[in-house]
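Colleague: Below you'll find the structure I mean.
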Amino acid sequence: MLWKTGRRSSNVEDRRGVRLTGGKMKGGGIGIILLALVGMYFGIDPSVILNSGLVDGGGPVQQSSMQLSPEEDHLADFVSVVLADTEDTWDVIFRDAGSAYQKPKLVLFTGAVQSACGYAQSATGPFYCPADKKVYIDLSFYRELKHNLQAPGDFAQAYVVAHEIGHHVQNLLGISAKIQAQRQRLAPAAYNQLSVKVELQADCFAGVWANHANRVRHILEPGDVEEALNAASMIGDDTLQKKSRGYVVPDSFTHGTSRQRVKWFREGLNSGDIRRCNTFI
């Protein structure tokens, strides 16, 4: 991915190097495994995890400083460019639709973070918090993406950011609020099906960003699209469940199968049209 000459966003909130302590995992090893699995997903609303009882946010939260590596600084620079690129893309799309795009903040953190959606540890993975309109990411997730999920490459990393920004777009369009209103009305299996549609739309929106960014700024290099498609495939519910437990439970899917995630990212990438991202029909 050609990114080094790109604009850097001014909307990055860097909280790295300050490690929060005080919240802890419940349930011992099982709790850690559950959150690690959820962390492999890119969730629209982390309150599902943060309020699930697996994380104990009680007690005083202490801070401790840690030294940042050159590798992390490089990734922080990269993420800033990707964020700026999503800003430029969605600015144009919203303006063409007669509206104004509200740029989100992207929070970089180390280990744990306090958001308007609650206290989160890095095991929850990257997430978007609708309450404060911020994307949160611990850059160590990219090591997980590369080594544990077999999804290396800078465009795969960009896809992570673009997917979370897709959730921000859903929030601005009022889609998120409509989905959350259904939570108390639906049985868990039915709500999971709705959640899958939300996640697949965010994948499609990520593809729309890639389409526009490449047409305007020519960011793609050979192999980039394959990196993103591979990442989408590696984080499908069926693939993750097979890897973790050896079998799949379709009623528990919340993000879609590998095939579905690839399909909808490709739909956005090929069309560049958010109208083609209606996963709810």
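The values are calculated or read from the model by the stated rules, or taken from the named source; none is laboratory data. Please read all numbers here as calculations on a predicted model, not as lab measurements. Virtual Cβ from ideal backbone geometry, glycine too; neighbours counted across all protein chains shown.
Colleague: When the residues of segment 195-226 are filtered to those that are outside any loop (DSSP other than H, G, I, E, B) and free of Cβ contacts under 8 Å to residues at least 40 places away in the same chain, which remaining residue is surrounded by the most Cβ atoms within 10 Å (Cβ to Cβ)? Spell out the reasoning first.
Modeller: Narrowing segment 195-226 to residues outside any loop (DSSP other than H, G, I, E, B): 195-217, 224-226.
Remaining after also requiring free of Cβ contacts under 8 Å to residues at least 40 places away in the same chain: 214, 226.
Numbers: N214: 17, E226: 12.
Out of the qualifying residues, it is N214.
Colleague: Quick check: is even one residue across segment 92-113 part of a loop (DSSP other than H, G, I, E, B), at pLDDT 95 or above and within 15 Å of V161 (Cβ to Cβ)?
Modeller: Checked segment 92-113: at least one residue is part of a loop (DSSP other than H, G, I, E, B), at pLDDT 95 or above and within 15 Å of V161 (Cβ to Cβ).
Colleague: Something else: Going residue by residue through segment 221-231, is there one that turns out to be under 16 Å from L83 (Cα atoms), at pLDDT 85 or above and within 17 Å of the chain's Cα centre (by Cα)?
Modeller: Within segment 221-231 (the criterion being under 16 Å from L83 (Cα atoms), at pLDDT 85 or above and within 17 Å of the chain's Cα centre (by Cα)), the answer is no, since none of the residues qualifies.
Colleague: Given the condition free of Cβ contacts under 8 Å to residues at least 24 places away in the same chain, in contact with a Lys or Arg (Cβ under 9 Å, 6 or more places away or on another chain) and closer than 29 Å to K4 by Cα, answer yes or no: does some residue in segment 93-104 qualify?
Modeller: No - not one qualifying residue is present in segment 93-104.
Colleague: Right, next: Out of everything in segment 240-280 that is acidic (D, E) and outside any loop (DSSP other than H, G, I, E, B), what residue ends up being modelled with the lowest pLDDT?
Modeller: Filtering segment 240-280 for residues acidic (D, E) gives 251, 267, 273.
Within this subset, residues satisfying the condition of being outside any loop (DSSP other than H, G, I, E, B) are 251, 267.
Numbers: D251: 64, E267: 97.
This residue is D251.
Colleague: Any chance segment 169-191 includes a residue that's surrounded by 19 or more Cβ atoms within 10 Å (Cβ to Cβ), part of a helix (DSSP H, G or I), modelled with pLDDT of 95 or more and among the aliphatic types (A, V, I, L, M)?
Modeller: Yes, some residue in segment 169-191 is surrounded by 19 or more Cβ atoms within 10 Å (Cβ to Cβ), part of a helix (DSSP H, G or I), modelled with pLDDT of 95 or more and among the aliphatic types (A, V, I, L, M).
Colleague: Of the residues in segment 129-168, how many are under 13 Å from the mean Cα position of the chain (by Cα), part of a loop (DSSP other than H, G, I, E, B) and in contact (Cβ under 8 Å) with a residue 40 or more places away in the chain?
Modeller: 2
Colleague: Now for a separate question. Are any residues in segment 142-163 crowded, with 22+ Cβ neighbours inside 10 Å and of a type outside the set (A, V, I, L, M, F, W, C), and if so, which ones? Full working, then the answer.
Modeller: Let us first name the residues in segment 142-163 that are crowded, with 22+ Cβ neighbours inside 10 Å, namely 142, 145, 151, 155-163.
Of everything in segment 142-163, those that are crowded, with 22+ Cβ neighbours inside 10 Å and of a type outside the set (A, V, I, L, M, F, W, C) turn out to be Y142, Q157, Y159, H163.
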